1. Taking GLN68, is it surrounded by fewer than 21 Cβ atoms within 10 Å (Cβ to Cβ) and more than 25 Å from LEU170 (Cβ to Cβ)?
2. Residues to consider are VAL175, VAL180; find the one that is in contact with a helix residue (DSSP H, G or I) (Cβ under 7 Å, 6 or more places away or on another chain) and surrounded by 12 or more Cβ atoms within 10 Å (Cβ to Cβ).
3. If you scan the range 183-195, which residues turn out to be open to solvent by less than 60 Å² (accessible area, probe 1.4 Å) and not charged (D, E, K, R)?
4. Would you check if LEU149 is open to solvent by 10 Å² or more (accessible area, probe 1.4 Å), in contact with a Leu (Cβ under 7 Å, 6 or more places away or on another chain), closer than 28 Å to ASN62 by Cα and in a strand (DSSP E or B)?
5. Suppose we keep only residues that are under 18 Å from THR27 (Cα atoms) and out of contact with any Cys (no Cβ under 9 Å at 6 or more places or on another chain) within the range 97-112. Which one would you say is surrounded by the fewest Cβ atoms within 10 Å (Cβ to Cβ)?
6. Mind listing whichever residues of the range 17-61 are polar (S, T, N, Q), in contact with a helix residue (DSSP H, G or I) (Cβ under 8 Å, 6 or more places away or on another chain) and surrounded by fewer than 19 Cβ atoms within 10 Å (Cβ to Cβ)?
7. List the pairs whose first member sits in the range 146-168 and is touching a residue at least 60 places away in the same chain (Cβ under 8 Å) and over 17 Å from GLY186 (Cα atoms), whose second member is open to solvent by 50 Å² or more (accessible area, probe 1.4 Å) and outside any helix (DSSP H, G or I), and whose Cβ atoms are under 8 Å apart, counting only residues at least 6 apart or on separate chains?
Amino acid sequence: MGKWFPRIYDIAMTPFEQATFKKVRKTLVNEATGRVLEIGSGTGVNFPHYKKATRVDAIEPNPLMRKQSLKRIKQSRVRIQTYSVQAEKLPFDDNTFDSVVATLVFCTIPDPVQAIKEIQRVSKPEASLFLFEHVRMDHPLLGRMQDGLTPIWLRMCDGCHLNRDTLGLLKSMNVSISRVDSLYRGLFLAIECSNNTQ
Ligand SMILES: C[S@@+](CC[C@H](N)C(=O)[O-])C[C@H]1O[C@@H](n2cnc3c(N)ncnc32)[C@H](O)[C@@H]1O
């Protein structure tokens, strides 16, 4: 990973955060209750929005991102602990979490299928999953443009796939999708679902 990406991340995201993302994060994260797992917490942009969680275990493999999240941990109203691990291999027991939060991260996880399996393993049956992700658009031309841009985007944006079908992936796994809100013509989706594993 390049060192520049973590340094510019918050600044580059500011216009989007102010326009829409902050509101979406606030709504989703505020729903997370009990013991919460956050996947790829980055610079901790979601941390100020936790209100109902009893504690948050936040995994983030990039040390520079994690370091930047420290100031937000100090300001948070709930207890947050970060872990230097990847979503594909989680260091938690089965049936541990009541809620899982993942924002703008499934585009970057190298093996998203394995990550969902791990999330399902460590989540309690019927745990709530809250995702906010950019995805491949349904629009034929725009979707193909995303496909064409993805190879260069991957290099520029630290392994981010512009054209991941994260909703399709969730539908193929053992989860019940209860709500999908679309932003920017389906480029971004806020997804609420629950774990169906027993
Ligand atoms: C675009 S950033 C999003 C950060 C934050 N979730 C947000 O909403 O601003 C993607 C994050 O995913 C993390 N990441 C990459 N691969 C991962 C993996 N295998 N497991 C968990 N997180 C990963 C990156 O280090 C990075 O912090």
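1. yes
2. Details: VAL175 fails: in contact with a helix residue (DSSP H, G or I) (Cβ under 7 Å, 6 or more places away or on another chain).
Just one listed residue meets the conditions, VAL180.
3. Of the residues in the range 183-195, the ones open to solvent by less than 60 Å² (accessible area, probe 1.4 Å) are 183, 186-195.
Answer for the range 183-195, where residues must be open to solvent by less than 60 Å² (accessible area, probe 1.4 Å) and not charged (D, E, K, R): LEU183, GLY186, LEU187, PHE188, LEU189, ALA190, ILE191, CYS193, SER194, ASN195.
4. In short, no.
5. So, considering only residues that are under 18 Å from THR27 (Cα atoms) and out of contact with any Cys (no Cβ under 9 Å at 6 or more places or on another chain), the one surrounded by the fewest Cβ atoms within 10 Å (Cβ to Cβ) is ASP98.
6. Quick first cut of the range 17-61, residues polar (S, T, N, Q) only: 18, 20, 27, 30, 33, 41, 43, 46, 54.
Applying the additional criterion that residues be in contact with a helix residue (DSSP H, G or I) (Cβ under 8 Å, 6 or more places away or on another chain) yields 30, 41, 43, 46.
The answer is ASN30, and nothing else.
7. Filtered contacts from the range 146-168: ASP158/MET1; ASP158/THR108; GLY159/MET1; GLY159/THR108; GLY159/PRO110.
The values are calculated or read from the model by the stated rules, or taken from the named source; none is laboratory data. Small disclaimer: the values here were computed from a predicted structure and weren't measured. Don't worry about glycine lacking a Cβ; one is built from the backbone with ideal geometry, like all the others, and counts go over all protein chains shown. Heads up: the accessible areas ignore ligands, DNA and RNA and are worked out on the full protein's heavy atoms, side chains in. Shrake-Rupley method; radii C 1.70, N 1.55, O 1.52, S 1.80 Å.
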